[in-house]
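The values are calculated or read from the model by the stated rules, or taken from the named source; none is laboratory data. Given the structure is predicted, the values throughout are model-derived calculations rather than measurements. Using ideal geometry, Cβ is built from the backbone for each residue, glycine included, and neighbour counts are taken over all protein chains shown. Calculation scope for accessible area: heavy atoms of the full protein, side chains included, ligands and nucleic acids excluded. Shrake-Rupley method; radii C 1.70, N 1.55, O 1.52, S 1.80 Å.
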Amino acid sequence: GRPGTRGHRTLCAHSLLPRRLVWVWSMPVLEETATAETACISTAPTFEQEAGRPDGARKARDAGWWAFMEHNGDRDPSASSSWKISALWCSWLMAFASTALIPAQEHWWLFNGTVMALVLLTIWIPDQGDTVIPYYCIIILPIVVFKSVALGGLWTFGILGYAFVVVPFWDCFVGVDVGNNTKEVQKQLHEAFRFELLTLLIAPGVLACLAYGSWLANFGGFSLVELFGLSLSVGVITGVVGIVAGHELCHRASWYERLLGRLLLCCATYGHFYIEHTLGHHKWVGTDHDPATARYGESFYAFLPRVVWGEFLSAWRIESERLQRRGLPWWHREIPAYFLASLTVACSLAVLTGPMAFPFFAVQSVVAIILFQSVNYVEHYGLERAEMQPGQYEIVQPKHSWDAPTRITNHIMF
């Protein structure tokens, strides 16, 4: 990968910081109005392109891409998918979802072979970037998790093989998407409900996975190793899908999207991330003030404790400043409410399924946080914003985030 992308792109998250943002210090847990004034969000995202490059120019090739193929290098940047392409993706998704019907115990290798073949088949399915259907491939995560758990033994850790071996293999062979849409098309896609719907469906999906995993932890008859494998595997779901989708929802304009986003964060016991990320990280990314920016030469093992503790302290400090600024008493602090919400989820699982829900929920939360912070580590590793004058830094630009156009990973992680 490389910092940002060449050509133009939709500037989300960090890149939206300089424009159309309102920093405020009142963030009620239950919001009644849908505005851009209660978090670091934007209802009017900006779209940039490098000077001298035409609108919709393809991404320039990077030597850091470990990929055998490039897609959409010659397509019209203003083109949209035909109904035939959408129908093709729908057929592919139905075939992908039907792999859940293959019995794991009797036909484990048939299942894996079918999944592998279907993913590699996407090499020949056009993707103009305006269809949401490929992003539903995330259903493979719970399918693999619970099929692996059904096999028992060390197979309960099977999702790790997918996450750290199979997916990189897919990225390499399926390749990268070097196409860009025009600014006008990007604005239209930003407002398209079909993309919003997918993120809204993540919350009930994650809750269902937690409920089923908790039920298995109590009634599956697992050994201690198998129970740990189950908890770790569900943590991959809540970390790769839950927290990532929660992060995206927390940047949306509507109150219900931000509420669902915080619920997903609380499912991994990381609700305070909403405060620190929107009001801390977005302000200080690429500086020494930001705990989520990995320093050049810093190992992940040194970064992990620093960022986890640093984000909590930053969120607490931001909350303290908000209360002091508004003259509010201590019980208006939101961080305890987020931890209480996580405890409520764990207690609800215990009431519904049994006491093993507590260690199950704790382990999956730890795994989810570690996986999420591994993304944080890579995203800004070694990148710094220039300090224009004491305490004031250059505006956030695409070059301040590492990015990669790998097709499969981008589909899985939105």
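Got a number for residues in segment 247-284 being part of a loop (DSSP other than H, G, I, E, B) and either surrounded by 20 or more Cβ atoms within 10 Å (Cβ to Cβ) or among the aliphatic types (A, V, I, L, M) (or both)?
The number of residues fulfilling the criteria is 10.
Considering only residues of segment 370-414 that are in a loop (DSSP other than H, G, I, E, B) and hydrophobic (A, V, I, L, M, F, W, C), which is most open to solvent (accessible area, probe 1.4 Å)?
Looking at residues that are in a loop (DSSP other than H, G, I, E, B) and hydrophobic (A, V, I, L, M, F, W, C), I get 395.
Would you check if there is a residue in segment 393-403 being over 26 Å from residue 259 (Cβ atoms) and polar (S, T, N, Q)?
Yes - at least one qualifying residue is present in segment 393-403.
Let me confirm something: among 200, 189, which residue is under 12 Å from residue 130 (Cα atoms), of a type in the set (A, V, I, L, M), touching a residue at least 12 places away in the same chain (Cβ under 8 Å) and in a helix (DSSP H, G or I)?
Exactly one residue qualifies, and that residue is 189.
Among the residues of segment 230-244, is any of a type in the set (Ser, Thr, Tyr), more than 15 Å from the chain's Cα centre (by Cα) and open to solvent by less than 20 Å² (accessible area, probe 1.4 Å)?
yes
Select, from 175, 158, 152, 205, the only residue that is touching a residue at least 24 places away in the same chain (Cβ under 8 Å) and touching a strand residue (DSSP E or B) at 6+ places or on another chain (Cβ under 7 Å).
175
For segment 115-138, how many residues meet the condition of being open to solvent by less than 40 Å² (accessible area, probe 1.4 Å), assigned to a helix (DSSP H, G or I) and either among the aliphatic types (A, V, I, L, M) or over 14 Å from residue 174 (Cβ atoms) (or both)?
Looking only at that region, the number is 6.
In the list 369, 395, which residue meets the criterion of being modelled with pLDDT of 85 or more and more than 20 Å from the chain's Cα centre (by Cα)?
395
Can you name the number of the only condition in (1) at pLDDT below 90; (2) over 23 Å from residue 278 (Cβ atoms); (3) open to solvent by 70 Å² or more (accessible area, probe 1.4 Å); (4) assigned to a helix (DSSP H, G or I) that residue 331 fails?
(2)
Please enumerate the residues belonging to segment 288-305 that are assigned to a helix (DSSP H, G or I) and open to solvent by 70 Å² or more (accessible area, probe 1.4 Å).
Correct list: 301, 305.
Starting from residues that are of a type in the set (S, T, N, Q) and either in a helix (DSSP H, G or I) or open to solvent by 20 Å² or more (accessible area, probe 1.4 Å) (or both), keep the ones in segment 139-180 and report whichever is farthest from residue 228 (Cα to Cα).
Selected residue: 148.
Can you confirm whether segment 365-387 contains a residue that is touching a residue at least 60 places away in the same chain (Cβ under 8 Å) and more than 30 Å from residue 289 (Cβ to Cβ)?
Checking segment 365-387: not a single residue is touching a residue at least 60 places away in the same chain (Cβ under 8 Å) and more than 30 Å from residue 289 (Cβ to Cβ).
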